[in-house]
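The values are calculated or read from the model by the stated rules, or taken from the named source; none is laboratory data. Predicted model only: the values in this text are computed from it and were never measured. Heads up, the Cβs are rebuilt from the backbone with ideal geometry, glycines too, and the neighbour counts pull from every protein chain shown. Accessible surface areas use protein heavy atoms only, side chains included; no ligands, DNA or RNA. Shrake-Rupley method; radii C 1.70, N 1.55, O 1.52, S 1.80 Å.
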Amino acid sequence: MTAVSHEDGMADAGINGEGKAPQSNGATSTNGASGEIEPGDSDDDEADEGETKQSGAGGGEGEGKKKKKRKPRKKKKAGASSAANGASGGGAKAQSAPPRIPVAQLFPESSYPVGEEVEYKGENAYRTTSEEKRHLDRMNSDFLTEYRQAAEVHREVRKYAKSVIKPGMTLTEIAELIEDGTRHLTGHMGLEEGDNILGGVAFPTGLSLNHCAAHYTPNAGNKMVLQKEDVMKVDFGVHVNGRIVDSAFTVAFDPQYDNLLAAVKDATNTGIRAAGIDARMGEIGEAIQEAMESYEATINGTTYPVKAIRNLNGHTITQYSIHGGSAGKSVPITFGSTGKGLVRDDMETSHYARLPDAPKVALRVASAKKLLQSIDKNFGSLPFCRRYLDRLGHDKYLLGLNNLVQSGIVQDYPPLCDVKGSFTAQYEHTILLRPNVKEVISRGDDY
């Protein structure tokens, strides 16, 4: 995660953790639902009582024996109804299971829940009350709406995913249920040319098992099955107009992994507290490492120190770029491991991305030219995987894809793994470094 911000906008950064649930534009919430009655409306119970009294009092003489008719119950306005999806805001309704209702329909006034807002401290404390900084923040209302919409999609999709992921499911089933939910809730199925660039899946769903820490998603034909003894990192992204929300959690069914997960959560929240505009990168990394490495985990009878993975970094995010900002300005140590704490490329590659600053190269392979046109039209600089190309109807594209990689136009991202037999965990959040406040945009009831 980087802690770089711009006064004319906001920087967003990915880092791992858990904490408070989001609020809906400052409104209080119970289980994420507003519960407030809009002006001019009344609660159902109060309305029924008032209407019954009126019916009994309005009969006049000689009508006392008549059966009193009860008026139909008034319907609450959408903003007054409780949201079964755990979110709140103007017009919130219940989400379906599996999630299929676009969040824009649940929040018709675009009043999406606000993430966890944290005031700046120390030298930046003045930003909280500075009218100039508040004005800069108000100028970014559209920017914030898009981010909060993407964050709400992430919360609702992961809530459902957590409730149904279980041993015996294939990794392909898990990836597709997350990606299908993301596409439906953003309203962008990604099958029409250019639709995925407007919104939807921001990058391939990472489902990395055990010693594999990141960048693993199943390719077509993958039959890998989730086992009870596995530790799986679930890392997926949602974007609206290129505003990417990147957040991850770890699934483990055996309680012997609890300390490993707790170490990573603690380190993540430590990093979130330390992050901020002009924060020193080394100090953030030191705080994360100290928190994580204060834990031990006993697995299968052996006690392991939990190590921070030294060569996996947090990162900045810019519009349509999951790894944006200044290269190298990243805080290390955002994953925990019982292994060496060092990852290397391993296993079959599935993740790819078009390099925005790629050199202009004359392509001599016809399939590479055709594939590049499709990548530009459907993904732009957003990462993609081979399953996404299959979904668009491409076949026999591996020669062309490899040619694009060799030409330096497309970058491949192999899975990143520690030593076999080790276990790795990850929690991640996206933070907006706004001019006057720090917002953990992807925060939810779960982490």
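Observations on the structure shown:
- Restricting the range 282-298 to residues that are surrounded by fewer than 18 Cβ atoms within 10 Å (Cβ to Cβ) and of a type outside the set (Gly, Ala, Ser), the residue that is nearest to Leu432 (Cα to Cα): Glu283
- All of Ala263, Ala279 fail the test of being open to solvent by 10 Å² or more (accessible area, probe 1.4 Å) and either touching a residue at least 24 places away in the same chain (Cβ under 8 Å) or touching a Ser or Thr at 6+ places or on another chain (Cβ under 9 Å) (or both), apart from Ala279.
- Of the residues making up the range 139-162, those that are free of Cβ contacts under 8 Å to residues at least 24 places away in the same chain and either in a helix (DSSP H, G or I) or touching a strand residue (DSSP E or B) at 6+ places or on another chain (Cβ under 8 Å) (or both) are Ser141, Asp142.
- Among the residues making up the range 165-185, those that are open to solvent by 40 Å² or more (accessible area, probe 1.4 Å) and part of a helix (DSSP H, G or I) are Glu173, Glu176, Asp180, His184.
- For the range 299-323, filtering for residues that are part of a loop (DSSP other than H, G, I, E, B) and exposed (fewer than 14 other Cβ atoms within 10 Å of the Cβ) leaves 3.
- The residues on offer are Ser350, Ser337, and the sole one that is over 30 Å from Asn269 (Cβ atoms), under 28 Å from the mean Cα position of the chain (by Cα) and open to solvent by less than 10 Å² (accessible area, probe 1.4 Å) is Ser350.
- Test: residue in the range 373-387 that is assigned by the TED database to the domain that holds Glu193, surrounded by fewer than 17 Cβ atoms within 10 Å (Cβ to Cβ) and at pLDDT 95 or above: no
- When residues of the range 202-229 are limited to those that are aliphatic (A, V, I, L, M) and without any contact (Cβ under 8 Å) to a residue 40 or more places away in the chain, the one nearest to Arg344 (Cα to Cα): Leu209
- Of all the criteria given as (1) at negative phi; (2) surrounded by fewer than 16 Cβ atoms within 10 Å (Cβ to Cβ); (3) touching a helix residue (DSSP H, G or I) at 6+ places or on another chain (Cβ under 9 Å), the one not satisfied by Lys396 is (1).
- On inspection, Ala220 passes the criterion of being in a loop (DSSP other than H, G, I, E, B), in the same structural domain as Tyr320 (by the TED database) and more than 17 Å from the chain's Cα centre (by Cα).
- Filter result (touching a Ser or Thr at 6+ places or on another chain (Cβ under 7 Å) and closer than 24 Å to Ala94 by Cβ) within the range 106-146: Ser110, Ser111, Tyr112, Pro113, Val114, Gly115, Thr145
- Within the range 230-243, at least one residue is touching a residue at least 24 places away in the same chain (Cβ under 8 Å), closer than 19 Å to Tyr427 by Cα, in contact with a Leu (Cβ under 9 Å, 6 or more places away or on another chain) and open to solvent by 10 Å² or more (accessible area, probe 1.4 Å).
- Qualifying residue in the range 189-203 (condition: open to solvent by 10 Å² or more (accessible area, probe 1.4 Å), modelled with pLDDT of 95 or more, closer than 16 Å to Ala425 by Cα and not aromatic (Phe, Trp, Tyr)): no
- Among the residues of the range 244-260, those identified as more than 29 Å from Leu433 (Cα to Cα) and either touching a residue at least 40 places away in the same chain (Cβ under 8 Å) or surrounded by 17 or more Cβ atoms within 10 Å (Cβ to Cβ) (or both) are Ala252, Phe253, Gln256, Tyr257, Asn259.
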